């Protein structure tokens, strides 16, 4: 599975970005846009990990965040995204 760590954007930020994204969508129609509710900031991308690698990564992240206040870490939504290659 391809794994990445991301920051989920608040609804307030998504609301502010929405008009800008709508403008981009009109200008760049050849781009495959994701739904705005899936918009996030990717912090790290780990490529392919097996189940054991995912478990180790999850434990390391949780342990690393224990000393930081005001950050909520969740693994409730783990999704699979197929690899897309671009020959640009």
So, residue 39, is that one in contact (Cβ under 8 Å) with a residue 12 or more places away in the chain and within 13 Å of residue 4 (Cβ to Cβ) or not? no
Say we look at region 7-42 and pick out the residues that are surrounded by fewer than 13 Cβ atoms within 10 Å (Cβ to Cβ) and touching a strand residue (DSSP E or B) at 6+ places or on another chain (Cβ under 6 Å); which of these is farthest from residue 53 (Cα to Cα)? 41
How many of the residues making up region 1-57 are out of contact with any helix residue (DSSP H, G or I) (no Cβ under 9 Å at 6 or more places or on another chain) and assigned to a strand (DSSP E or B)? 13
Would you call residue 79 loosely packed, with under 11 Cβ neighbours inside 10 Å, under 12 Å from the mean Cα position of the chain (by Cα) and at pLDDT below 85? yes
Pairs only if they're at least six apart or on different chains, beta carbon under 7 angstrom, first in region 1-18 and closer than 25 Å to residue 57 by Cβ, second at pLDDT below 90 and in a helix (DSSP H, G or I); list them, first residue then second. 1/54; 3/54; 3/57; 5/61
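The values are calculated or read from the model by the stated rules, or taken from the named source; none is laboratory data. This is a predicted model, so every value here is computed, not measured. Cβ atoms come from the backbone with ideal geometry, glycine included; neighbour counts cover every protein chain shown.
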